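Remarks on the structure that follows.
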Amino acid sequence: MRSDVVEIIKDAARASAVEEADAGVRRTVETILADIASRGDEAVRALSEKFDAWSPERFRLGDAEIEAALAKVSKADLEDIAFAQAQVRNFAEHQKAALRDIEVETLPGVVLGHRNIPVNSVGCYVPGGKYPMVASAHMSVLTAKVAGVRRVVAAAPPFKGGAHPAIVAAMHLAGADEILVLGGVQAIGAMALGTASIAPVDMLVGPGNAFVAEAKRQLYGRVGIDLFAGPTETLVIADDSVDGELCATDLLGQGEHGPTSPAILLTTSRRLAMDTLAEVERLLGQLPTADIARVSWHDFGKVILCDSEAEMLAVADDIASEHVQVMTRDPDYFLENMTNYGALFLGPRTNVAYGDKVIGTNHTLPTRKAGRYTGGLWVGKFMKTCTYQKVLTDEASALVGERCSRLSLLEGFVGHAEQANVRVRRYGGKNVAYGEPAL
């Protein structure tokens, strides 16, 4: 961001704090994953006892335990979960319908195509420490099931000495095939590496704390992951068509995720900037989660004054925030022109909480500027687009083979050339010597 074209009214106090903590997290996670790889279930149990004081006879819930958990959830809460899941399912099904298998004849006798194939098994992590994130079950388990994943393992840490009933209900109603009451790096490691009691998965998805995110990063390659996740980020883009209360509420609402969650206001109105700062202080006196939100706002909050919508757009694209709340007279200007973000929330009638909990889009989104090169979790993340080729005629095989032979020898790949030459000889009737280009 060019500091000479904007005015920083409030800056972050500790912008480098997250990076400073990364090295220690990396070392801790490396040690834990190595222990799980070496000792399997024994290590998982010891880690669960150490970090969560949780060591049941088995970590996977049986049918009776799932039914018991559901019985503890009120009818109203079950109806709300069902409503949210209906929205997520509806949008995910429309997204899946946009993915098409294709097959096209690119030359006479040459057929190319691709198929969208679901991943076979996925591990879905649902955070449940300070805040039991029921919505994460919809976003991961349900979306994987809509994609067609055969085996979905869902894991959440124990909550107050046992399975959190609402999380279990959401996992079960979303279609989880296995439910584990297991948290943190031990859950991530067990699902990815496998143990005697937990079969490994092909992919890991879901949000989590810094240790969970680092475990996914270190396991990437051994398994697939949805994305590299950091602390929740919020960017509010606003002009004087809205007021400070609305902006302050949307900034602080995401700050309660954790003390390192950045929240930024971009505005063309100095009055709105000052009103928002005042409203932030007022709301911090009322918000029950103010102890967390106050730290995140002080350490990572920013207010930036810009000259124009075009300047706000340029700064916003540079920030590449996870959540972008747009409250301007023409929010579609940002929809049409902004390129780097996780999700857009357009107009004052919507907000990030809608996306987090219920409206139907996925809340697992790119952070730390990853919005420059990836979107968030969706049905397509659970699909592999795999190509295939068919050559149907002798003439087509000989035609492609001659080109392939010459191009392979251009690169010095004689074996590749011979793969083409043998077909030129067989199907084209040409006498091509070994190691010589097809004429």
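The rows are residues; the columns are (1) crowded, with 18+ Cβ neighbours inside 10 Å; (2) among the hydroxyl-bearing types (Ser, Thr, Tyr); (3) closer than 20 Å to residue 249 by Cα; (4) within 24 Å of the chain's Cα centre (by Cα).
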site	(1), (2), (3), (4)
291	no, no, yes, no
298	no, no, yes, no
303	yes, no, yes, no
307	no, no, no, no
317	yes, no, no, yes
325	yes, no, yes, yes
331	yes, no, yes, no
Practice item. Mind listing just one residue for me: the one in segment 94-144 that is free of Cβ contacts under 8 Å to residues at least 60 places away in the same chain and of a type in the set (D, E, K, R) and, of those, nearest to residue 162 (Cα to Cα)? Key: 130
**Study point:** Set 238, 290: member being small (Gly, Ala, Ser) and either touching a residue at least 60 places away in the same chain (Cβ under 8 Å) or within 30 Å of residue 382 (Cβ to Cβ) (or both)
**Key:** 238
Review point. In segment 342-353, is there at least one residue being under 18 Å from the mean Cα position of the chain (by Cα) and either farther than 30 Å from residue 89 by Cβ or assigned to a helix (DSSP H, G or I) (or both)?
Key: yes
Review point. What are the pairs, 6+ residues apart or on separate chains, where a residue within segment 311-324 that is closer than 11 Å to residue 339 by Cβ has its Cβ under 8 Å from a residue that is open to solvent by 20 Å² or more (accessible area, probe 1.4 Å) and not in a loop (DSSP other than H, G, I, E, B)?
Key: 313/333; 313/337; 320/372
Study note, to complete from the structure: Scanning segment 353-368 residue by residue, those open to solvent by 20 Å² or more (accessible area, probe 1.4 Å) and among the aliphatic types (A, V, I, L, M) turn out to be 353, 358, 359
Revision key, fill the gap. Only one of 38, 48 is open to solvent by 70 Å² or more (accessible area, probe 1.4 Å), assigned to a helix (DSSP H, G or I), within 30 Å of residue 189 (Cβ to Cβ) and of a type in the set (Ser, Thr, Tyr), namely 38
Practice item. Could you grab the pairs with beta carbons closer than 8 Å, sequence gap of 6+ or different chains, first residue in segment 163-190 and more than 23 Å from residue 50 (Cα to Cα) and open to solvent by 10 Å² or more (accessible area, probe 1.4 Å), second one of a type in the set (Lys, Arg) and part of a helix (DSSP H, G or I)? Key: 175/145
Check your understanding: Do we have residue 339 as open to solvent by 60 Å² or more (accessible area, probe 1.4 Å), out of contact with any strand residue (DSSP E or B) (no Cβ under 6 Å at 6 or more places or on another chain) and among the β-branched types (Val, Ile, Thr) here?
Key -> yes
**Study point:** Exclusive hit being open to solvent by 80 Å² or more (accessible area, probe 1.4 Å) and outside any helix (DSSP H, G or I), set 57, 79
**Key:** 57
Review point. If only one of 242, 153, 236 is assigned to a strand (DSSP E or B) and either acidic (Asp, Glu) or under 30 Å from residue 278 (Cβ atoms) (or both), which one is it?
Key: 236
Check your understanding: Among the residues of segment 369-425, how many are open to solvent by 90 Å² or more (accessible area, probe 1.4 Å) and assigned to a loop (DSSP other than H, G, I, E, B)?
Key -> 4
Practice item. Can you confirm whether segment 256-267 contains a residue that is over 20 Å from the mean Cα position of the chain (by Cα), modelled with pLDDT under 95, surrounded by fewer than 24 Cβ atoms within 10 Å (Cβ to Cβ) and outside any strand (DSSP E or B)? Key: yes
Check your understanding: Does segment 98-115 include one or more residues that are open to solvent by 80 Å² or more (accessible area, probe 1.4 Å), farther than 30 Å from residue 397 by Cα, out of contact with any Ser or Thr (no Cβ under 7 Å at 6 or more places or on another chain) and among the acidic types (Asp, Glu)?
Key -> no
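The values are calculated or read from the model by the stated rules, or taken from the named source; none is laboratory data. The structure presented is a predicted model; accordingly, all values stated were derived computationally and were not measured. Positions of Cβ are generated from backbone atoms using ideal geometry, with glycine treated the same way; all protein chains shown enter the neighbour counts. These area figures cover heavy atoms from the full protein model, side chains too; ligands, DNA and RNA do not enter into them. Shrake-Rupley method; radii C 1.70, N 1.55, O 1.52, S 1.80 Å.
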